[in-house]
Amino acid sequence: MKIIKEKFDKKDLQNLPKVQFNGRIITIISESDAEKAVDYLLSQPILGVDSETRPSFKKGWCNQVALLQVSTHDTCFLFRLNRIGMPDSIVRLLENKTVMKVGLSLKDDLLQLKHRRDFTPGNFVDLQNEAKELGVADMSLQKLYANLLGGKISKSQQLSNWECDVLSPAQQQYAAIDAWACVQLHEEIKRLENTNDYQLEKSENEE
């Protein structure tokens, strides 16, 4: 019986092994490569999605989303939207209704992507809604992964420059993990729901 927590204590993150993505990471900086990548992605059964935006330290100013990362079980594509914009191929991916695309707090990601080019979202599933069904209160990717899969996702690259000329290996790893982890979490949540082989540990301040 797996024990999952309603609320995961952030202090417990320090004791967990660091999560690594050991699959292929492919950076996309041309429309022709984007077309090929999307054809491949739409042949897969499930995709994890996330996006990154260069942080703004100026009040009232928001940058456009710079990176869209889309991952299968073993391959993550990093679409550098600050270089290629939102070509038809990416719109085709986002509007696709057949392949399930899993993400976290998708409303925010999709809104930012729409600022680049309008589209009608296809088959998207938000992990936050799925986690609530298990009774889990934490909504961050880091806490969800720690709670359900026992690993620590580093957030050290979150505020890095996502519009730099070349993404560093650390940035690539960070971006890939955020998308890939969504696939892992969705499949674990579905496994727990199907087997009912878990017990929810309520937080101490619960009545």
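The numbers here are math on the coordinates, done by the rules we state, and not lab data. From a predicted model like this one, the values you see are computed outputs, not experimental measurements. No Cβ is skipped: glycine too gets one built from the backbone with ideal geometry, and neighbour counts run over all protein chains shown.
Tabulated results
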{"read-out": "In nm, spacing of pseudo-spin labels at LYS114 and CYS62 (7 Å Cα→C-beta vector)", "value": "1.1"}
{"read-out": "Rounded to 10°, Cα long-axis angle of helix 31-41 versus longest principal axis of the chain", "value": "30"}
{"read-out": "Between helix 106-116 and the chain: long-axis angle, C-alpha atoms, 0 to 90°, nearest 10", "value": "10"}
{"read-out": "Spin-label pair ASP39/LEU200, simplified geometry with 7 Å Cα→Cβ offset, distance in nm", "value": "4.6"}
{"read-out": "Spin-label zone in the range 127-164 - amide nitrogen under 17 Å from a point set 7 Å from the Cα of MET1 along the C-beta vector", "value": "135"}
{"read-out": "Too-long pairs where the Cα-Cα distance tops 23 Å, listed order kept, from LYS11/LYS202; LYS11/LYS155; LYS18/LYS59; LYS10/LYS59; LYS59/LYS101", "value": "LYS18/LYS59; LYS10/LYS59; LYS59/LYS101"}
{"read-out": "Calculated [θ] (222 nm, deg cm²/dmol) that DSSP helices of n ≥ 4 give over the chain, each run adding -39,500 (n - 2.57)", "value": "-11500 deg cm²/dmol"}
{"read-out": "Cα Rg over Rh - the chain, Kirkwood", "value": "0.97"}
{"read-out": "Centroid-to-centroid separation of the range 113-131 and the range 133-153 [C-alpha atoms, Å]", "value": "20"}
{"read-out": "Qualifying trypsin sites (Lys or Arg not before Pro) in the range 133-207, DSSP loop, other Cβ atoms within 10 Å at most 15", "value": "LYS155, LYS202"}
{"read-out": "The chain - share of DSSP beta bridges that are antiparallel (%, nearest 5)", "value": "40"}
{"read-out": "Cα-based reach from LYS2 at 20 Å (exclusive), listing aspartates and glutamates while leaving out same-chain residues under 8 positions away", "value": "ASP12, GLU130, GLU133, ASP138, GLU187, GLU188, GLU193, ASP197, GLU201, GLU204"}
{"read-out": "Entries of LYS97/LYS190; LYS107/LYS143; LYS143/LYS190; LYS36/LYS132 with Cα pairs more than 27 Å apart", "value": "LYS36/LYS132"}
